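The structure appears below as structure tokens.
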Amino acid sequence: YAPEALPLPVAARRPLLAVGAELKHTFTLAREANAHVAPHNGDLEDLATYEAFTDGLAHLGRLLALEPEAVAHDLHPEYLSTKHAVRSFPADRRVAVQHHHAHVASCAAEHGVTGPFIGVAYDGLGMGDDGTFWGGEVLLADLSGYRRLARFGRAPMPGGALAIRRPYRMALGYLLGAEDIARRESAAPGAAEPGRTRLGVELAEDFVGGLDEREVAAIRTQVARGLNAPVASSAGRLFDAAAALLGLRDVAEFEAQAAIDLEVAAGGRLAAHLPYAVGRVDGLLVYDPRPTLAALLESLSRGGSREMLAAAFHECIVEVTRELVASARADSGLDVVCLSGGVLQNKRLATSLLERLTRDGFEVLVNRLIPCNDGGISYGQAAVAAARMAAAASPGSSTPAARA
């Protein structure tokens, strides 16, 4: 409950402001071992919401008698929160925190975890440290740093943010431009065989036939030429695409509506998981969703139930995650898993992951005191910044990022 004090596992060495991200915006003020997460501001995309942020910051600062001396912010340079941090603090007082590291750190911090852990961050979008958009990530992390171990396969977002509001565009992004992942290697039962899967609009004739021909042609050009079609390794965008291909939602009237429709369609139905494949790209384990979507379309064309296919899709994501996390444990020797990110608001997915990863022998932690969505980003940023300031004061300390 804002602004009740939440503990910081590593105390902040100086008064700290964490400005959060953009959607579902909150900010956090921290001093020593206490962090105060502000009330929800809405989406920080316009002047009115920005003024609500700055007014709320001034008000909470007065209540706490706290004048921040350092700031933590997201990597995305166009977020109004990032711009506020850059304008208000000199470079040596700014701490840039990667979006998904902040997500998993928020979960670890509220549970008092200070050592290394496996972080699973599933959300819509966040700026990665390689300049692409992330959203389906498995990290080896502690509060100070991280190393990326695994991710979801990438697909273009035709029209950029427009693909979020129109999930059929995201579906076309996967059909026309899903990442080609070579040397696939999954020992999981029911996994797709290497080299057998190709996606294309011919697999989804009914779906494509219901769209405007001119828009489909324009999207083909966008994807082929990389025109305003940024790529994303996003779990949230994959859920959107699956919902569109199943005919559940073409246009989203509010954020995550397509993914919500997919969860509702799945309900509590029991289903075997759809096929999938896992390979390696540039040293990272990568989930290839092409076999998953191809099997979904093939089953739908044979008269398969949309509801059962929605359930089978959820089961696939659970099994993929189990495989990626098992590989992370083999790589790191760790068995603490922190689950976070907006996709974890999906009750079926979160419950299934909690139960099955626990059966697999992991200690599984989820956000409880603060949101797993972007409303929890500022708290995660504060925890990371405090840990980095402490590490900077202790020469010779090492983090997963430093060991990468």
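The values are calculated or read from the model by the stated rules, or taken from the named source; none is laboratory data. Note that this is a predicted model, so its numbers are computed, not measured. As a convention, Cβ positions derive from the backbone with ideal geometry for all residues, glycine included, and neighbour counts pool all protein chains shown. Only protein heavy atoms, including side chains, enter the accessible area calculation; ligands, DNA and RNA are left aside. Shrake-Rupley method; radii C 1.70, N 1.55, O 1.52, S 1.80 Å.
Examine segment 115-130 for a residue that is in a strand (DSSP E or B) and among the aromatic types (Phe, Trp, Tyr), and state whether such a residue exists. Checked against the condition, which is being in a strand (DSSP E or B) and among the aromatic types (Phe, Trp, Tyr), segment 115-130 yields at least one hit. For Val264, the stated conditions do not hold, so it cannot be described as of a type in the set (A, V, I, L, M), in contact with a helix residue (DSSP H, G or I) (Cβ under 6 Å, 6 or more places away or on another chain), without any contact (Cβ under 8 Å) to a residue 40 or more places away in the chain and not in a loop (DSSP other than H, G, I, E, B).
Can you pull out every residue in segment 28-47 that is at positive phi and under 20 Å from the mean Cα position of the chain (by Cα)? Result: Gly42, single match. Of all the listed residues (Ala310, Ala326, Ala402), the sole one being at pLDDT below 95 and either of a type outside the set (S, T, N, Q) or under 14 Å from Leu139 (Cα atoms) (or both) is Ala402. Considering the conditions (1) more than 19 Å from Leu172 (Cα to Cα); (2) modelled with pLDDT under 95, Val286 is excluded by exactly one of them, (2). Looking only at residues in segment 351-372 that are in contact with a Leu (Cβ under 8 Å, 6 or more places away or on another chain) and either open to solvent by 10 Å² or more (accessible area, probe 1.4 Å) or of a type in the set (Lys, Arg) (or both), the one that is nearest to Glu315 (Cα to Cα) is Leu354. Checking the stated criteria, Ser301 turns out not to satisfy the condition of being in contact with a Pro (Cβ under 9 Å, 6 or more places away or on another chain) and touching a residue at least 12 places away in the same chain (Cβ under 8 Å).
Within segment 170-181, the residues that satisfy the criterion of being open to solvent by 20 Å² or more (accessible area, probe 1.4 Å) and either within 12 Å of Asn228 (Cα to Cα) or part of a helix (DSSP H, G or I) (or both) are Leu176, Gly177. Applying a threshold of 7 Å to beta carbon distances and a minimum spacing of six or more residues, or different chains, the list of pairs starting in segment 149-172 at a residue that is under 17 Å from Arg249 (Cβ atoms) and basic (Lys, Arg) and ending at one that is open to solvent by less than 10 Å² (accessible area, probe 1.4 Å) and modelled with pLDDT of 95 or more reads Arg169/Pro158; Arg169/Ala163; Arg169/Ile219. Taking the conditions exactly as written (outside any helix (DSSP H, G or I), open to solvent by less than 10 Å² (accessible area, probe 1.4 Å) and not hydrophobic (A, V, I, L, M, F, W, C)), does Gly303 satisfy them or not? Answer is no for this residue. Considering segment 154-169, the residues that are open to solvent by less than 20 Å² (accessible area, probe 1.4 Å) and small (Gly, Ala, Ser) include one that is nearest to Gly136 (Cα to Cα), namely Ala155.
Among the residues of segment 120-141, is any within 20 Å of Arg13 (Cβ to Cβ) and either touching a Lys or Arg at 6+ places or on another chain (Cβ under 7 Å) or of a type outside the set (Ser, Thr, Tyr) (or both)? The answer is no; no qualifying residue exists. Taken together, Asn41, Asn34 contain a single residue that is among the polar types (S, T, N, Q) and open to solvent by 70 Å² or more (accessible area, probe 1.4 Å), which is Asn34. Exactly one residue out of Val71, Val95 is open to solvent by 10 Å² or more (accessible area, probe 1.4 Å) and within 30 Å of Gly119 (Cα to Cα), and it is Val95.
Within segment 131-153, the set of residues being open to solvent by 10 Å² or more (accessible area, probe 1.4 Å) and outside any strand (DSSP E or B) comprises Gly131, Thr132, Asp142, Ser144. The single residue among Asp250, Asp240 that is in a loop (DSSP other than H, G, I, E, B), under 29 Å from Leu344 (Cβ atoms) and among the acidic types (Asp, Glu) turns out to be Asp250. For segment 211-261, the set of residues classified as polar (S, T, N, Q) and out of contact with any strand residue (DSSP E or B) (no Cβ under 7 Å at 6 or more places or on another chain) consists of Thr221, Gln222, Asn228, Gln257, listed by residue number.
Any chance segment 384-401 includes a residue that's open to solvent by 20 Å² or more (accessible area, probe 1.4 Å), within 16 Å of the chain's Cα centre (by Cα) and of a type in the set (S, T, N, Q)? Among the residues of segment 384-401, not one is open to solvent by 20 Å² or more (accessible area, probe 1.4 Å), within 16 Å of the chain's Cα centre (by Cα) and of a type in the set (S, T, N, Q), which makes the answer no. If you check Leu64, Leu29 for being more than 30 Å from Asp240 (Cα to Cα), at pLDDT 95 or above and open to solvent by less than 20 Å² (accessible area, probe 1.4 Å), only one passes: Leu29.
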